[in-house]
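Notes follow the structure.
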Amino acid sequence: MTTLSFNKARRVLLISAVVLMSCTASNFNTLAQERRFPQTAGVDDSKMGPYRALAQLSYAASQTGDNTLAAKLARILERNWDKAEDYEAKLRFQKLTMHCSTKLTKRWTASLAP
């Protein structure tokens, strides 16, 4: 009888250890996702903060049934997102062109030197 109860106790201990380890592993994943940024007037001071705030306002408006406000906020979010993408693409293009033109100017100047 003691061997049977010892096996049951060992099994319960093993199962509880596995459950405890899986719970702690899942807590670390959720803690990593909830990185907090400093806020100004309830909006995160990060690159994504204004977009997140507009999305939350739009979602809240649609949940309360104010679909016209939700649509306006979603449209503002979309336009701001697109403008930011265009601006970043232009900056990358300008940096690339500046780099290439500098190289070409140096080569051209070197080829003209006597």
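The values are calculated or read from the model by the stated rules, or taken from the named source; none is laboratory data. Keep in mind it's a predicted model, so treat the numbers as computed, not measured. FYI the Cβ positions are ideal-geometry reconstructions off the backbone, even for glycines, and counts take in every protein chain you see.
In this entry, S111 is excluded by the filter for residues that are of a type outside the set (A, V, I, L, M, F, W, C) and not in a helix (DSSP H, G or I). No other residue among F37, F93 is of a type outside the set (K, R), assigned to a helix (DSSP H, G or I) and modelled with pLDDT under 80 apart from F93.
Here is a yes/no grid of residues against (1) aromatic (F, W, Y); (2) closer than 23 Å to V43 by Cα; (3) loosely packed, with under 10 Cβ neighbours inside 10 Å:
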| residue | (1), (2), (3) |
| --- | --- |
| A55 | no, yes, no |
| Y59 | yes, yes, no |
| A70 | no, yes, no |
| L77 | no, yes, no |
| A84 | no, yes, no |
| K95 | no, no, no |
